[in-house]
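The values are calculated or read from the model by the stated rules, or taken from the named source; none is laboratory data. Please read these numbers as outputs of a predicted model, since none were measured by experiment. Ideal geometry is used to build each Cβ from the backbone, glycine not excepted, and the neighbour counts take in all protein chains shown. Accessible surface areas use protein heavy atoms only, side chains included; no ligands, DNA or RNA. Shrake-Rupley method; radii C 1.70, N 1.55, O 1.52, S 1.80 Å.
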Amino acid sequence: MPSLSTIRNSPWLASLRELILWCLPALLCGAVLRGLLLAHFPYALVHPDSQDFLVTTDRFLNRHHHLVLHDKKSFLGPILFLLPILVRLPTLLVFAWAQHLLGLVYILLVGAIVRCWTALWRWWIIPATVLAGINPALLYYEHALIAESHYLFCVTALALAGSAYAMDRTRGRFALLLLALFLTAGSRPEGKLYVLFPLMLVPMLHWGQGRKLALFSGITLAFCILTWLSSRNSQAGSLLYTTLLPLAPDTPKSAPDFGPLIAPLRQERLAKGPLAIPDLVQEEKKVTKVVYAYLRSQHRPTNNYGAFCQRLAVEAALHKPLLIPLVVVDKFLLGTRFPTNDGFGVDWIQQRQIIACTYKSWMLRLMPRLTGRPIHSRDDLIAYIHQEFQPLQPDWFDPLQSFWLGLTTGVRIPFPGLPAGTPGLPLFYLLGAGGAIAGVIRSGRTQKLHLAWVITLGFTASVVMLTGVVNPRYRFVFEPFALIYVFVLADSVVGLVLRRPDISS
């Protein structure tokens with residue numbers, strides 16, 4: 001067993017101490033902002049989407065300890081939100097503090113990635129981590145009872161685990177890579193798309209190594225299959241088909257007799273233009289109604305409607321594949337008109353929260369366990385919310401939000417071929433894309449890592465944008481990586497000037 005002095009003098013502990021010192025300005029800024037939030041709002045916000053996570057808690061407490069997951073959610077969030085109640089702690093109090101603490105650890109992960117991905121990391125680590133620490137979207141989602149903050153944490157940990165394995169291919173780092181993948185898949189339904197990352201990275205790193213290539217690639221493939229099966233989402237297929245409906249053929253090969261039934265909706269969408277993005281929530285309801293009627297007429301179970309829509313969506317994509325990138329860009333740009341979070345305006349922290357806490361009848365009966373307070377009626381709930389969620393005075397969050405939105409979307413470049421009214425491409429994301437390309441073409445130990453990560457991130461972002469509604473929140477997990485890649489671009493440019501193009505240490 002290693003002695004205390006051996007542990008104290010170990011290289012990894014020395015590296016951690018150095019990392020913490022370099023991230024100290026960001027940790028201090030992040031701690032101050034998080035402390036201000038917790039001092040004013042000690043309890044986490046109940047978001048309109050919180051109920052989907054809390055279904056698990058309600059069913060477990062009130063239906064003979066049955067562990068049930070909402071069909072649109074992965075397992076990690078619902079289970080995490082249940083744990084404090086099992087030990088008689090108020091979930092809203094525990095998670096406000098726990099998620100903010102995780103946000104400080106996230107700053108260290110960003111610092112470690114900057115150190116791995118850039119040659120002149122001492123130039124970039126302080127501004128990169130400070131910006132990561134004051135990101136208003138992260139501050140908001142750390143204070144809300146939904147999965148966004150730990151989803152970003154898991155994705156960032158996955159990128160760091162892949163970087164560590166690319167630099168030193170030990171069994172321990174391989175295990176951490178697979179663990180990070182499993183947690184990423186468990187944090188949100190689209191998290192399982194990240195199986196592409198190790199499926200690409202591991203074979204590239206072991207290429208030409210014979211038995212090692214076969215062994216590690218085989219383990220990775222088996223683990224990725226299990227990870228993929230651990231998460232599900234019945235709504236993804238119908239949303240994707242709703243988006244791609246104008247691109248669909250007149251007669252789908254998988255269901256020829258379905259074509260005439262969907263034709264009126266399809267013609268209505270075509271009349272507005274194949275790239276025009278409607279209110280997908282309402283359009284999906286119309287599409288689902290037609291699909292249900294068709295499946296019943298065929299005496300087929302309606303609970304498979306998602307898989308049926310997914311087959312139709314694949315046909316639509318293959319019918320006009322060249323339009324797919326434009327649809328993705330169009331939906332993404334429409335989402336950049338607004339911040340990635342709802343902020344702490346009085347309407348969201350009071351009236352919308354009252355609605356979120358009472359939208360389902362069972363939510364009110366959970367409130368005493370969630371808060372640790374005697375909330376047994378709507379009047380009790382309103383009194384609690386008005387007491388604990390008064391507007392920020394002074395309001396420092398909105399100016400921070402405006403600064404961030406200006407930084408990331410303030411300067412735009414026109415993007416040709418999109419419908420009128422679609423905003424231009426933010427320069428920030430263009431620079432981030434330039435940094436991603438620089439990472440891929442720049443020689444060094446992280447080159448293969450960047451190739452696998454950039455393809456995975458681009459693929460995941462495309463699927464999310466293509467499948468989901470137009471929602472600014474969907475770019476929340478991609479924006480921090482665009483920020484990191486801006487610094488990778490700066491490092492590459494300065495490295496070329498200083499004749500240090502390689503990342504060799």
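Is it the case that some residue within the stretch 372-386 is under 30 Å from G133 (Cα atoms), polar (S, T, N, Q) and either within 25 Å of the chain's Cα centre (by Cα) or modelled with pLDDT under 95 (or both)?
No, every residue in the stretch 372-386 fails to be under 30 Å from G133 (Cα atoms), polar (S, T, N, Q) and either within 25 Å of the chain's Cα centre (by Cα) or modelled with pLDDT under 95 (or both).
What pairs come up if the first residue lies in the stretch 245-257 and is touching a residue at least 60 places away in the same chain (Cβ under 8 Å), the second is assigned to a loop (DSSP other than H, G, I, E, B), and their beta carbons are under 8 Å apart, counting only those six or more places apart or on different chains?
L247/P274; L247/K320
Starting from residues that are of a type in the set (G, A, S) and either touching a strand residue (DSSP E or B) at 6+ places or on another chain (Cβ under 6 Å) or more than 22 Å from A96 (Cα to Cα) (or both), keep the ones in the stretch 358-381 and report whichever is most open to solvent (accessible area, probe 1.4 Å). Walk me through it before giving the result.
Filtering the stretch 358-381 for residues of a type in the set (G, A, S) gives 361, 372, 377.
Among the residues that remain, those that are also either touching a strand residue (DSSP E or B) at 6+ places or on another chain (Cβ under 6 Å) or more than 22 Å from A96 (Cα to Cα) (or both) are: 361, 377.
Details: S361: 107, S377: 42 Å².
Checked the stretch 358-381; the qualifying residue most open to solvent (accessible area, probe 1.4 Å) is S361.
Return the residue satisfying two criteria in turn: it lies in the stretch 154-184 and is of a type in the set (G, A, S) and over 19 Å from V110 (Cβ atoms), and of such residues it is farthest from the chain's Cα centre (by Cα).
Among them, the one singled out is G172.
Among all residue pairs at least 6 apart or on different chains, which show Cβ distances below 6 Å where the first residue, located in the stretch 356-381, is in a loop (DSSP other than H, G, I, E, B) and the second is among the hydrophobic types (A, V, I, L, M, F, W, C) and open to solvent by less than 100 Å² (accessible area, probe 1.4 Å)?
I375/M367; I375/L381
Is it the case that the stretch 475-494 has a residue that's exposed (fewer than 15 other Cβ atoms within 10 Å of the Cβ) and of a type outside the set (D, E, K, R)? Write out each step before concluding.
So in the stretch 475-494, the residues exposed (fewer than 15 other Cβ atoms within 10 Å of the Cβ) come out as 493.
Still in the list and also of a type outside the set (D, E, K, R): 493.
Taking every residue of the stretch 475-494 in turn, at least one turns out to be exposed (fewer than 15 other Cβ atoms within 10 Å of the Cβ) and of a type outside the set (D, E, K, R).
Across the stretch 424-468, which residue is surrounded by the fewest Cβ atoms within 10 Å (Cβ to Cβ) among those that are of a type in the set (G, A, S) and within 20 Å of the chain's Cα centre (by Cα)? Outline the logic, then answer.
Here is the first cut: in the stretch 424-468, the ones of a type in the set (G, A, S) are 424, 432-436, 438-439, 443-444, 452, 458, 461-462, 468.
Okay, now just the ones that are also within 20 Å of the chain's Cα centre (by Cα), so 432-433, 436, 452, 458, 461-462, 468.
On the way: G432: 24, A433: 17, A436: 23, A452: 22, G458: 14, A461: 20, S462: 18, G468: 19.
Top of the filtered list is G458.
Under the condition of being under 22 Å from C357 (Cβ atoms) and assigned to a loop (DSSP other than H, G, I, E, B), which residue from the stretch 385-411 is most open to solvent (accessible area, probe 1.4 Å)?
So the residue we want is Q390.
Working carefully through the options L275, L265, find the one that is within 19 Å of V464 (Cβ to Cβ) and open to solvent by less than 70 Å² (accessible area, probe 1.4 Å). Lay out the reasoning, then the answer.
Details: L265 fails: within 19 Å of V464 (Cβ to Cβ).
Step by step, each of L275, L265 is checked, and only L275 is within 19 Å of V464 (Cβ to Cβ) and open to solvent by less than 70 Å² (accessible area, probe 1.4 Å).
Inside the stretch 46-60, can you point out the residues that are closer than 19 Å to V346 by Cβ and open to solvent by 10 Å² or more (accessible area, probe 1.4 Å)?
Hits for the stretch 46-60 are H47, P48.
Out of all the residues in the stretch 167-177, is one or more open to solvent by less than 60 Å² (accessible area, probe 1.4 Å), part of a loop (DSSP other than H, G, I, E, B) and modelled with pLDDT under 95? Explain how you work it out, then say what you get.
Going residue by residue through the stretch 167-177, those that are open to solvent by less than 60 Å² (accessible area, probe 1.4 Å) are 167, 170, 172, 174-175, 177.
From what's left, part of a loop (DSSP other than H, G, I, E, B): 170.
If we keep only those that are modelled with pLDDT under 95 too, we end up with 170.
Yes; the residues of the stretch 167-177 include at least one that is open to solvent by less than 60 Å² (accessible area, probe 1.4 Å), part of a loop (DSSP other than H, G, I, E, B) and modelled with pLDDT under 95.
State whether the residues of the stretch 414-430 include one that is touching a His at 6+ places or on another chain (Cβ under 9 Å) and at pLDDT 90 or above. Give the steps one after another, and end with the answer.
Just the residues of the stretch 414-430 that are touching a His at 6+ places or on another chain (Cβ under 9 Å), to begin with: none.
Among the residues of the stretch 414-430, not one is touching a His at 6+ places or on another chain (Cβ under 9 Å) and at pLDDT 90 or above, which makes the answer no.
Take the residues of the stretch 105-125 that are within 24 Å of the chain's Cα centre (by Cα) and open to solvent by 40 Å² or more (accessible area, probe 1.4 Å): which is nearest to G495 (Cα to Cα)?
That would be R115.
Any residue that is touching a Ser or Thr at 6+ places or on another chain (Cβ under 7 Å) and either acidic (D, E) or at positive phi (or both) - is there at least one of those in the stretch 179-186? Talk me through it step by step, then tell me what you get.
Of the stretch 179-186, the ones touching a Ser or Thr at 6+ places or on another chain (Cβ under 7 Å) are 181-182, 185-186.
Subset that is either acidic (D, E) or at positive phi (or both): none.
No - not one qualifying residue is present in the stretch 179-186.
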